[in-house]
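What follows is a single structure, written as structure tokens, with notes after it.
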Amino acid sequence: MTHTIAVLTGAGISTSAGIPDFRGPNGVWTKHPDQMSVYDIDAYMSDVKQREYSWRWQQESPVWNAQPGEAHKALARLEQAGMLNLLATQNFDALHEKAGNTAKTIINLHGTIGTSHCMRCHARYDTADIMAHLDERPDPHCRRTLPYRGNMPCGGILKTDVVYFGEMLPEGSIETSMKRIAKADEFWVIGSTLEVFPAASLVPVAAQDGLPITIMNMGPTAYDRLATHLIHDDITTALPALVDETIARYRD
């Protein structure tokens, strides 16, 4: 039987790819707390200027323009080897998808900037298509035609699939993560301080299930005491090394 690994990733894996974190000492929101309003659902839904600012800010953000780093590519290799049964991520930058991980393993706990939807009819959109037309449509609205309205466009407000402040996490995301952890042989935490809940609660769940836990983070985390293995090396090199070593050890 294949040896499987459940993984939780946080901001540390994305900072290794050049994306500044949000909550750290030099984080975007630490230095510019006013920019948290970009992801405030009430402000977004009620104010056209706020929506225009939010879309432009996201388009110009390193989050949107970043490319996956070696650490992201390593987790794609782990999935291709058939050894990854969960990639739960606190990041909404869609870098795991860009690296080659699939919807079969990825659970975006805080949503993703890669896709968007209509707040009225729930039509799905590729965010890249919206960004490409932002100059002519700075406050994007749904263009889906509705037969029951004489094929008139829906006109609902479009929003990225990032979980904004005031919104619930994607339905079933934590529950599905817990179920997959229970079926895994190991649990890895990559680049998270484990201070944001409910994502951090996956660590004691893994411990209760009796899984060996590897925590890879430059600084201490809230659950280091539960770790079987602590790694404080640079994620850019440490994660690819861990993945390659693991694949070599357990390859069928």
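Tabulated data
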{"read-out": "Computed label-point distance, nm, for sites Arg149 and Arg251 using a 7 Å Cα→Cβ extension", "value": "5.5"}
{"read-out": "Ellipsoid semi-axes in whole angstrom, largest first, where each is sqrt(5λ) of the Cα gyration tensor of the chain", "value": "34, 20, 17"}
{"read-out": "Viscosity 1.002 mPa s, temperature 20 °C, Stokes-Einstein D of region 110-178 from Kirkwood C-alpha radius, µm²/s", "value": "161"}
{"read-out": "Binned Cα-Cα distances of region 104-143, short to long, each 5 Å bin given as a whole percent", "value": "6, 20, 26, 24, 13, 7, 3, 0"}
{"read-out": "Charge tally in the Cβ shell below 15 Å around Ala207, where Lys, Arg are +1 and Asp, Glu are -1, Ala207 excluded", "value": "-3"}
{"read-out": "Theoretical gain in end-to-end length, Lys49 to Met168 [0.36 nm per residue, Cα-Cα removed]", "value": "40.4 nm"}
{"read-out": "Charge tally in the Cβ shell below 14 Å around Asn151, where Lys, Arg are +1 and Asp, Glu are -1, Asn151 excluded", "value": "+3"}
{"read-out": "Other-chain or far-sequence residues with amide H under 5 Å of Leu134's (modelled H)", "value": "none"}
{"read-out": "Gain in span if fully extended, Ala128 to Ser37, counting 0.36 nm per residue against the direct Cα distance", "value": "30.6 nm"}
{"read-out": "For Leu87, distant residues with modelled amide H under 5 Å away", "value": "Val7, Ile106, Ile107"}
{"read-out": "The chain, helix-only ellipticity at 222 nm - DSSP H runs n ≥ 4, -39,500 (n - 2.57), divided by all residues, nearest 500", "value": "-9500 deg cm²/dmol"}
{"read-out": "Proximal lysines to Lys73, defined as alpha-carbon separation beneath 27 angstrom and excluding residues fewer than eight positions away on the same chain", "value": "Lys98, Lys104, Lys179, Lys183"}
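No lab work stands behind these numbers, since they all come straight from the coordinates. In this text, all values refer to a predicted model and were calculated from it rather than measured experimentally. So basically every Cβ, Gly included, is an ideal-geometry build from the backbone, and we count neighbours across all protein chains shown.
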